[in-house]
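Chemist: Sharing a structure here in structure tokens format.
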Amino acid sequence: MHDSSLWRALIGVENTVIEGVEYDAEARTLVVSVRPAAQRRRRCGRCRARSPGYDSGRGRRQWRTLDLGTIRTWLEADAPRVKCPTHGVVVAHVPWARHGAGSTRVFDEQVAWLATETSKHAVTELMRVAWRTVGAVITRVWAEVTASTDMLGGLTKIGIDEVSYRRGRLFLMVVIDHDTGRLVWAGEGQSKATLQGFFDELGPERCAQIGYVSADSAGYIADVVAKNCPTAVQAADPFHVVKWANDALGEVRLDVWRETRRAARANSQGRGRAPLDVGDPFPAHQRLKILTRSRYALWKNPENLTENQRAKLDWIAATDDRLWRAYQLKEALRVVFKLPHDEATEALDAWIRSASHCQIPQFVNLARMVKAQRRPILLAIEHGLSNGRTESVNLKVRLRTRMAFGFKDPDALIAILMLSLGGHRPTLPGRT
Ligand SMILES: [Zn+2]
């Protein structure tokens, strides 16, 4: 048929013969019958080696492909088996789909692109697939990238981190390249064995090239790093240290909030009589309201505050000594990481001293943690590790993990993280 090249272009396939097209007006579906071009026939589905035919397999089968306009479309073809010298009896290779896939390459590429660019809802609605199908698609797209790309080449400075998923019950271990800001590896679990899996993949020669490793303070990470990269500098991750301070501040805020709520309730129970805090310019219920809304003002970096958030901080400074001191301690620790190394040493020691004596239990405890990590923290500052970059990769990993919450299969979660943040983003079919 003379318009077969148009059909090939429309459905986005190469090395494929179009045998016929059947439109079912009632079901609004289109089935395009195809077969591999002569040079692509009788090849192993796994290694593509030319192989003798074995049998006709399970007969004809269909592959879901991109809709044509508004019409759902399938490709249909025979799926014979061949006998590969290496892989034995396998279903023969087809040029329009990955081995074992139920959908075509163009379909998979569009799903993978959408999964890294848009919401779960957008992908599943637009492509008319279940989220677990999206998981299966991105897992095979990522497997193809790893088969042809060395993700672990040229690493010298790495960051190791743990990310929780499934409501904090399961963990992934992720490795970031500090030089490129890319995610280079992710594995399921939170143990010595998980991390050892990374170093095994890296191999002894490339382990020797690693000069610098940052991680949070989990002891087992330090042990595994020391065993595999004995000469590497082990530093703290500034991102984690700042996060500890933010967590401590969050706890102080919650304490103050609870005490204020108790006071507000005591007042409202005395309704009818004069309120207990008469004469106080900030009655307890008003205090509670402002505290409830102050979370982001306390958490954000001061240079990014809105007018309104700045006003909330001013209010806290004027009315709550404990929360205000906690805020200042958090900010002072954050600033240490922005200082040159010589000033940072002095500033960090001064910080540890003042936090140890601040009489706010959460910050006394934080001072103890920071003191225990003093050397790795100073090493991070000495090596000029950019807090901003690690923080942004960390946040993106967490954001993606939340979005991918519905994946039961950790391989799908790993695939979406690596495709999104590993420097190999999928492209839309037919584009370069
Ligand atoms: Zn083979």
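The values are calculated or read from the model by the stated rules, or taken from the named source; none is laboratory data. This structure is a prediction, so every number in the text was calculated from the model and none was measured. Backbone-built Cβ (ideal geometry, glycine too); neighbour counts: all protein chains shown. SASA here: full protein model, heavy atoms, side chains in, ligands and nucleic acids out. Shrake-Rupley method; radii C 1.70, N 1.55, O 1.52, S 1.80 Å.
Chemist: Please list 370-380, 352-362 highest first by mean number of surrounding beta-carbon atoms within 10 Å per residue.
Modeler: The peptides rank, most packed first, as 370-380, 352-362.
Chemist: If I stretch the segment between residue 35 and residue 223 completely, what's the gain in nm (0.36 nm per residue apart, minus their alpha carbon distance), one decimal? Write down the numbers at each step before the final one.
Modeler: On the way: separation 188, 0.36 × 188 = 67.68 nm, distance 5.56 nm.
Value of the extension gain: 62.1 nm.
Chemist: Continuing with the same structure: For the chain, I need the span (max minus min coordinate) of the C-alpha atoms along each principal axis, in Å, sorted largest to smallest.
Modeler: That gives 91, 64, 33 Å along the principal axes, largest extent first.
Chemist: Determine which residues of the range 41-68 fall in the zone a paramagnetic label at residue 99 would reach in this model, i.e. backbone nitrogen under 16 Å from the point 7 Å along Cα→Cβ.
Modeler: Counting only backbone N, you get 41-54.
Chemist: Also, quick follow-up: Any idea which of 213, 236, 256 is furthest toward the positive side of the dipole for the range 187-270, if Lys and Arg beta-carbons carry +1 and Asp and Glu beta-carbons -1?
Modeler: Of 213, 236, 256, it is 256.
Chemist: Do you know the relative contact order of the range 198-353, to the nearest whole percent, from alpha carbon pairs under 8 angstrom that are 6+ apart? Intermediate results must be reported in sequence, preceding the final value.
Modeler: Details: 104 pairs, mean separation 28.3, N = 156.
Here the relative contact order equals 18 percent.
Chemist: Taking a 25 Å limit on the Cα-Cα distance, which of the listed pairs 157/396; 120/192; 243/338; 289/330; 289/396 fall beyond it?
Modeler: Flagged as over cut-off: 120/192; 289/396.
Chemist: If you don't mind, there's one more thing I want to ask. Suppose every K and R has +1 on its Cβ and every D and E has -1 on its Cβ; what is the size of the dipole of the range 14-126 about the Cα centre, in Debye to the nearest 20?
Modeler: 820 debye
Chemist: Quick one: what are the phi-derived ³J(HN,Hα) couplings along the range 120-126, Karplus 6.51/-1.76/1.60 with θ = phi - 60°, whole Hz, x for glycine and proline?
Modeler: Karplus values, whole Hz, x for Gly and Pro: 3, 4, 4, 5, 5, 5, 5.
Chemist: Let me ask something additional. Which far-off residues, 5 or more places away or on another chain, put their amide H under 5 Å from the one on residue 17, with H placed in the peptide plane?
Modeler: 35, 37
Chemist: For 229, 47, give the ranking by accessible area with the largest first, probe 1.4 Å.
Modeler: Highest to lowest solvent-accessible surface, that is 47, 229.
Chemist: Here is a follow-up. Quick one: which residues, 5+ away or cross-chain, put their amide H under 5 Å from the amide H of residue 407? H built at 1.01 Å from N.
Modeler: none
Chemist: Still on this model: Rounded to the nearest Å, what's the spacing between the alpha carbon centres of the range 234-271 and the range 102-133? Just the number, please.
Modeler: If you average the Cα positions of each part, the centres end up 41 Å apart.
Chemist: What are the residues whose amide H is under 5 Å from the amide H of residue 57, where those residues sit 5 or more places off or on another chain and H is modelled from the backbone?
Modeler: 81
Chemist: Hey, what do the phi angles of the range 347-356 turn into as Karplus ³J(HN,Hα) couplings, whole Hz, using 6.51/-1.76/1.60 and θ = phi - 60°, x for Gly and Pro?
Modeler: Couplings: 5, 5, 5, 5, 4, 4, 4, 6, 5, 4 Hz.
Chemist: Shifting gears a bit: At 0.36 nm per residue, minus the direct Cα-Cα distance, what do residue 27 and residue 120 gain on full extension? Give it in nm, one decimal, please.
Modeler: 30.8 nm
Chemist: Can you pull the percent of Cα pairs in the range 92-165 with separation above 13 Å?
Modeler: I get 71 percent for the Cα pairs in the range 92-165 exceeding 13 Å.
Chemist: While we're here: With +1 on the Cβ of every Lys and Arg and -1 on the Cβ of every Asp and Glu, and nothing else charged, how large is the dipole of the range 306-363 about its Cα centre, in debye rounded to the nearest 20?
Modeler: Its charge dipole is roughly 220 debye.
Chemist: Here's something else I'd like to know. Inverting the mean 1/r over all pairs of different Cα atoms, compute the Kirkwood radius of the range 52-129 and quote it in Å.
Modeler: Result for the range 52-129 stands at 14.1 Å.
Chemist: On to the next question. How long are the semi-axes of the equivalent ellipsoid of the range 1-158, defined as square roots of 5 times the Cα gyration tensor eigenvalues? Whole Å, largest first. Intermediate results must be reported in sequence, preceding the final value.
Modeler: Numbers: eigenvalues 143, 123, 37 Å².
Over the Cα atoms of the range 1-158, the ellipsoid semi-axes are 27, 25, 14 Å.
Chemist: Take the Cα coordinates of the range 293-350, assign each an equal point scatterer, and use the Debye formula without solvent to give log10 I(q)/I(0) at q = 0.17, 0.19, 0.20 Å⁻¹.
Modeler: The Debye formula, applied to the Cα set alone, gives -0.61, -0.71, -0.76.
Chemist: Moving to a separate point now. By how many nm would the segment from residue 191 to residue 268 grow when fully extended, if each residue of separation counts as 0.36 nm and the alpha-carbon distance is taken off?
Modeler: Extra length from residue 191 to residue 268 when fully extended: 22.6 nm.
Chemist: Quick one: putting +1 on the C-beta of Lys and Arg, -1 on the C-beta of Asp and Glu, what dipole do you get for the chain around its Cα centre, in Debye to the nearest 20?
Modeler: Around 1180 debye, computed over the chain.
Chemist: In percent, how large is the relative contact order of the chain, given Cα pairs closer than 8 Å and 6 or more residues apart?
Modeler: Values: 618 pairs, mean separation 64.2, N = 432.
In percent, rounded to a whole number, it is 15.
Chemist: Identify, among 77, 297, 94, the residue whose Cα sits farthest towards the positive end of the charge dipole of the chain, taking +1 on the Cβ of Lys and Arg and -1 on the Cβ of Asp and Glu, with the dipole about the Cα centre.
Modeler: After comparing all options, I get 77.
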